[in-house]
Structure formats: C-alpha cells, structure tokens
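Chemist: Sharing a structure, written as structure tokens. Questions coming.
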Amino acid sequence: MQTKTIVSVLFAGLFMPLVMSVAADGEKPADPTTKEDKDSKTPPRDPSVGGPAADPKTTGAVAGIIILDGKMPEMKPLAVDPNNKDRPTCGAEIPNERLLLGAGNSVLNAVVSLAKLPPGEKAPKRTITLDNSHCRFVPHVQATTAGSTIRVTNHDPGVLHSAMAVLGAQWNVSVTPDRPVEKTLPRPGRVVIKCAVHSWMDASVWVFPHEFFAVTSKEGKFRIEGIPPGTYQLKIEHEACEEALKEFTVEAGKTAELKIGLKPFE
C-alpha cells in the first residue's frame, strides 16, 4: 500500500504541468532497425525461465507454480473517454491486466527471485522492449538486470504515446511510430511506467542486480536454473498481491518443486 501512495504522489507532480519531452539534451533516438528485428531466427528469451548459464551437474534449480490464495478481486475493463481523439485506435475500453489468472487460479506476471543470493559474477546487461500497441504497454510486466536498456516502441499509427518512468528510474519521453527511444535502467528496484497522454496505460519492470529471477508464464509457472547447492529464500512480488517468501533447498543436479499461494490485496 505504501508503494501505491508513493506512485500516486509522483504521478500527480509529473502531470502538473504536463511536459512532453522527446528526449534529453544530446540523447539520440533508437535505430528503428535492430539486430533482433533483422535476425528473426533468434528465439525470444522465455521470461518464465531465469538463472545464469551453469553446469547442471554441479548446480540445481527451483521451479513451481504460483496460485491465488483468496478471492479474485473484480478487474473491470479500463474505459476510454469518448472524447479522446485516439479512441478510434484505442477502442472503447482496454483490458485490465493488473491481475490475470490461468487454469486452476494460477497467477500470471508474478515476479519470482532469490532473496538470498549465492556468490557470483556481475549480471550482464540486457536489452528489453516495451511496445505501445492498441493503447497498451506490451508486455505489462517484465524483469531484467541492472544497467539494461529498455527500447520503447510504438505500433499505433498516428498516435503519440509517452513513456514516463518513476520509482526505480526517472524519465519521460515521447514515442512516435517512426521514432523508438532507448533508455537505461540504472539500478535495482521496480520501475513503474505510465503514459502521460493516455492515463489508463501502465507497465512494470522489475530490475535485479543478478540473474536469479523469472516472471510466471500463462500457466503461472516459473523455473530458475544455475543455483549452487544451498538453502535460499524465494521472493514473490506482484502488483496486485501481497509479497511472499518461501524457503527451499537446492541440491546439485536436482530441481526443488514449489507450489506457492499469493494473497490478493483487499
């Protein structure tokens, strides 16, 4: 609840007055054509599988499923103002992605990570993409390593979007279909991203100083590999649920299987 209050205060300050900055002084827009665009043979990284590359004979893994432990809150679609000039593109309403469930009340978009870390090398930086599509940020939830680059794109023809980051990063950029923008995610923590033009749009990026994290799949499942033998705590975070911790033990060449309940906020 404290995080919600902080976000609300920050957003209120940013909206008065409304400032649309294309980019900071000296900042160049991203190249519209990237290596990922050119090399379609490279499969995207599965966000539900995390952990560094390691010898599976000397390290272990943790895997499992996250289940909603409680009553599903009502998630009404987000209405688009009839007077909004972008309504022909956006539609009359936008799906509410704050809490999504799969079969058996499994929880999508839960971020799982090791709370107690094994010793290791500094996590490599990555490049992730946040797209504006049909007046939604896609994907709604992501996770990456500190120092990574986030590439913000726009696939809504004729629509001006913005990406306004708070908490773990602070920036505000405008994004047109022909002008993607790249920004850095400098430090660990949750980054909340809003659109100053379309108030219903939001997304979250969890940033970690290590690689031992994953985001649950459409089945609510996750897997983190490359963990040295030992006892750890798994942290589970979700924007609509209470944080949870679960202790588990890893053995070399084996996978610890977990089933964890997550309580929704009232």
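The values are calculated or read from the model by the stated rules, or taken from the named source; none is laboratory data. These numbers come from a predicted model, not from an experiment. Methodologically, a virtual Cβ is constructed for each residue, glycine included, from the backbone with ideal geometry; neighbour enumeration extends over all protein chains shown.
Chemist: Between 104, 120, which is within 28 Å of residue 223 (Cβ to Cβ) and at pLDDT 95 or above? Before you say what the answer is, go through the steps one by one.
Modeler: Values: 120 fails: at pLDDT 95 or above.
Checking each option against the conditions leaves just 104.
Chemist: Right, another one. Inside the stretch 247-266, can you point out the residues that are at negative phi and in a loop (DSSP other than H, G, I, E, B)? Walk me through it before giving the result.
Modeler: Keep residues of the stretch 247-266 that are at negative phi, which gives 247-252, 254-266.
Matches in the stretch 247-266: 251, 252, 254, 263, 265, 266.
Chemist: To continue, here is another question. In the list 182, 211, which residue meets the criterion of being surrounded by fewer than 21 Cβ atoms within 10 Å (Cβ to Cβ) and farther than 22 Å from residue 101 by Cα? First the steps, then the outcome.
Modeler: Numbers: 211 fails: surrounded by fewer than 21 Cβ atoms within 10 Å (Cβ to Cβ).
Result of the check over 182, 211: 182.
Chemist: Would you point out the residue of the stretch 197-246, among those that are part of a loop (DSSP other than H, G, I, E, B) and within 19 Å of residue 128 (Cα to Cα), that is nearest to the chain's Cα centre (by Cα)? I'd like the intermediate steps shown before the answer.
Modeler: Residues of the stretch 197-246 part of a loop (DSSP other than H, G, I, E, B): 197-201, 209-212, 216-220, 228-229, 239-240.
Keeping just the survivors that are within 19 Å of residue 128 (Cα to Cα) gives 201, 209-212, 216-217.
On the way: 201: 14, 209: 15, 210: 16, 211: 14, 212: 15, 216: 11, 217: 12 Å.
The residue in question is 216.
Chemist: Checking the condition under 30 Å from residue 266 (Cβ atoms) and not charged (D, E, K, R), which residue from 117, 108 passes?
Modeler: Values: 117 fails: under 30 Å from residue 266 (Cβ atoms).
Just a single option satisfies the conditions, and that option is 108.
Chemist: Here is a list of conditions, (1) at pLDDT below 95; (2) in contact with a helix residue (DSSP H, G or I) (Cβ under 9 Å, 6 or more places away or on another chain), and residue 169 meets all of them except one; can you say which number that is?
Modeler: (2)
Chemist: For residue 59, state whether it is surrounded by 12 or more Cβ atoms within 10 Å (Cβ to Cβ), among the hydroxyl-bearing types (Ser, Thr, Tyr) and over 27 Å from residue 247 (Cα atoms).
Modeler: Numbers: surrounded by 12 or more Cβ atoms within 10 Å (Cβ to Cβ): yes; among the hydroxyl-bearing types (Ser, Thr, Tyr): yes; over 27 Å from residue 247 (Cα atoms): no.
Considered against the rule, which asks whether it is surrounded by 12 or more Cβ atoms within 10 Å (Cβ to Cβ), among the hydroxyl-bearing types (Ser, Thr, Tyr) and over 27 Å from residue 247 (Cα atoms), residue 59 comes out as no.
Chemist: Can you name the number of the only condition in (1) buried (at least 17 other Cβ atoms within 10 Å of the Cβ); (2) at pLDDT 95 or above that residue 77 fails?
Modeler: Looking at each condition in turn, residue 77 falls short on (1).
Chemist: Scanning the stretch 119-165 for residues that are of a type in the set (S, T, N, Q) and surrounded by fewer than 17 Cβ atoms within 10 Å (Cβ to Cβ), which turns out nearest to residue 59 (Cα to Cα)?
Modeler: Applying the first criterion (of a type in the set (S, T, N, Q)) to the stretch 119-165 yields 127, 129, 132-133, 142, 144-145, 148-149, 153-154, 162.
Pick out the ones that are also surrounded by fewer than 17 Cβ atoms within 10 Å (Cβ to Cβ) and you get 127, 133, 149.
Values: 127: 27, 133: 40, 149: 29 Å.
Among those that are of a type in the set (S, T, N, Q) and surrounded by fewer than 17 Cβ atoms within 10 Å (Cβ to Cβ), it is 127.
Chemist: Turning to a different aspect of this structure: Tell me the strands (runs of 3 or more DSSP E) entirely within the stretch 93-193 that contain at least 3 residues that are not basic (Lys, Arg). Lay out the reasoning, then the answer.
Modeler: Numbers: elements: 111-114, 127-133, 136-138, 141-145, 148-154, 161-167, 171-175, 181-185.
Qualifying strands (runs of 3 or more DSSP E): 111-114, 127-133, 141-145, 148-154, 161-167, 171-175, 181-185.
Chemist: Hey, residue 58 hits all of (1) outside any strand (DSSP E or B); (2) modelled with pLDDT of 95 or more; (3) touching a strand residue (DSSP E or B) at 6+ places or on another chain (Cβ under 9 Å) but one; which does it fall short on?
Modeler: Looking at each condition in turn, residue 58 falls short on (3).
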